[in-house]
1. What residue, of Thr87, Thr196, Thr93, is closer than 27 Å to Asn5 by Cα and at pLDDT below 95?
2. Does Ser15 satisfy being within 16 Å of the ligand (Cβ to nearest atom), closer than 27 Å to Ile172 by Cβ and either surrounded by fewer than 19 Cβ atoms within 10 Å (Cβ to Cβ) or assigned by TED's automatic domain parsing to the domain that holds Thr151 (or both)?
3. Among the residues of the stretch 178-192, write down those that are touching a helix residue (DSSP H, G or I) at 6+ places or on another chain (Cβ under 8 Å), farther than 11 Å from Tyr214 by Cβ and not in a strand (DSSP E or B).
4. Specify the residue that is nearest to the chain's Cα centre (by Cα); the eligible residues are those in the stretch 253-275 that are basic (Lys, Arg) and assigned to a loop (DSSP other than H, G, I, E, B).
5. Does the stretch 92-106 contain any residue that is within 16 Å of the ligand (Cβ to nearest atom), free of Cβ contacts under 8 Å to residues at least 40 places away in the same chain and either in the same structural domain as Met29 (by TED's automatic domain parsing) or over 18 Å from Ser12 (Cβ atoms) (or both)?
6. Take Ala137 and tell me if it is away from the ligand (no atom under 16 Å from the Cβ), buried (at least 24 other Cβ atoms within 10 Å of the Cβ) and part of a helix (DSSP H, G or I).
7. Quick check on Leu258: is it out of contact with any Ser or Thr (no Cβ under 7 Å at 6 or more places or on another chain) and at positive phi?
8. From Ala113, Ala26, Ala20, which residue is among the aliphatic types (A, V, I, L, M), out of contact with any strand residue (DSSP E or B) (no Cβ under 7 Å at 6 or more places or on another chain), in a helix (DSSP H, G or I) and surrounded by fewer than 16 Cβ atoms within 10 Å (Cβ to Cβ)?
Amino acid sequence: MTLKNQHVLTASQFSEADLAAVFMYADAMQKRPDTRGLLAGRTLACVFYEPSTRTSSSFIAAMTKLGGGVIPITQGVQFSSVSKGETLEDTITTLGQYADAIVLRHPETGAVARAAAVSPVPVINAGDGIGEHPSQALLDLYTIKQETGRTENLKVAFVGDLAHGRTVHSLIRLLNRYPGNEFHLISPWLLRLDRTGGDSPLYEEVRGKVAQTYHVKAGLQEAIGAIEQADVVYMTRVQKERFIDAEGYAEVKDSCLLNPELVSCMKPSARILHPLPRVNEIPTVIDADPRAAYFRQVRAGLHVRMALLSLVLGV
Ligand code: ASP
């Protein structure tokens, strides 16, 4: 298997065989009554320099269900030697003496790759700033496959903070490789995917599949054409913590809000995904709609991360 002992840094690195293996293992994890022997005696370090609920707890749950142990540095690196001025490289080199793999989240784009360069064990990128979040993309794609029955010929509307949304950056790369997919990019102008004015390498990578771009001003109804046609509406929150000025955030924070009226225009077979956490972009009244798949997506995350750990640690 190509994932064995590999760092997981970007969604671009997965071969078709890797994706097939992750999905096959994730299916098996759901069905297997006892997974506890699979990674018995192995240890995972979970190191989070940024807040997390789902990613950290699902990796911990996944490792536990596989029978392994966890070194959790998830309650804030202020409780680790980082607060004494230790470099990322030294922290990772140290943890690599105890752990068989390291899951790392860091606020700087590229920091996880920097950590991987010195790590004696595989490093899994759990989000590097506004860069990527490849394990989230795996679970997003797995959910799309489970919910729609396919990974190709999909019209996907990406909605919200496309500039800062690392889950968007990873998922769009994965979807880009399948035939017949088309992307509808819906965001305020300030949060567009090609924020650097069309020079952004990611935008260049996927532009062949971009069917339409909407720079909404007054709300999502301006993109109703895309919402009506979409097979998947991938919602994201506006990432307040990435703004340097409060006014910039205030200007765009309510620009992409879903509401029941918009959902009623969606195809019955369409699905709403969200990497979570949500702020106000999906009112809770929508949760009961069968098209709302975001909590099923959370559940899928557990099985996909069990699959990923099994493959990287070489079951
Ligand atoms: N939980 C996701 C992430 O860490 C999405 C978000 O924070 O909005 O990227």
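1. Sole residue among the options that is closer than 27 Å to Asn5 by Cα and at pLDDT below 95: Thr87.
2. In short, no.
3. Asn181, Leu190, Leu191 - these are the residues of the stretch 178-192 that are touching a helix residue (DSSP H, G or I) at 6+ places or on another chain (Cβ under 8 Å), farther than 11 Å from Tyr214 by Cβ and not in a strand (DSSP E or B).
4. Lys253
5. So far as the stretch 92-106 goes, no, none of its residues is within 16 Å of the ligand (Cβ to nearest atom), free of Cβ contacts under 8 Å to residues at least 40 places away in the same chain and either in the same structural domain as Met29 (by TED's automatic domain parsing) or over 18 Å from Ser12 (Cβ atoms) (or both).
6. Numbers: away from the ligand (no atom under 16 Å from the Cβ): no; buried (at least 24 other Cβ atoms within 10 Å of the Cβ): yes; part of a helix (DSSP H, G or I): yes.
It is false that Ala137 is away from the ligand (no atom under 16 Å from the Cβ), buried (at least 24 other Cβ atoms within 10 Å of the Cβ) and part of a helix (DSSP H, G or I).
7. Values: out of contact with any Ser or Thr (no Cβ under 7 Å at 6 or more places or on another chain): yes; at positive phi: no.
Answer is no for this residue.
8. Numbers: Ala113 fails: surrounded by fewer than 16 Cβ atoms within 10 Å (Cβ to Cβ); Ala26 fails: surrounded by fewer than 16 Cβ atoms within 10 Å (Cβ to Cβ).
Going through Ala113, Ala26, Ala20 in turn, the sole match is Ala20.
The values are calculated or read from the model by the stated rules, or taken from the named source; none is laboratory data. Treat the numbers as computed from the prediction; the structure is a model and nothing was measured. So basically every Cβ, Gly included, is an ideal-geometry build from the backbone, and we count neighbours across all protein chains shown.
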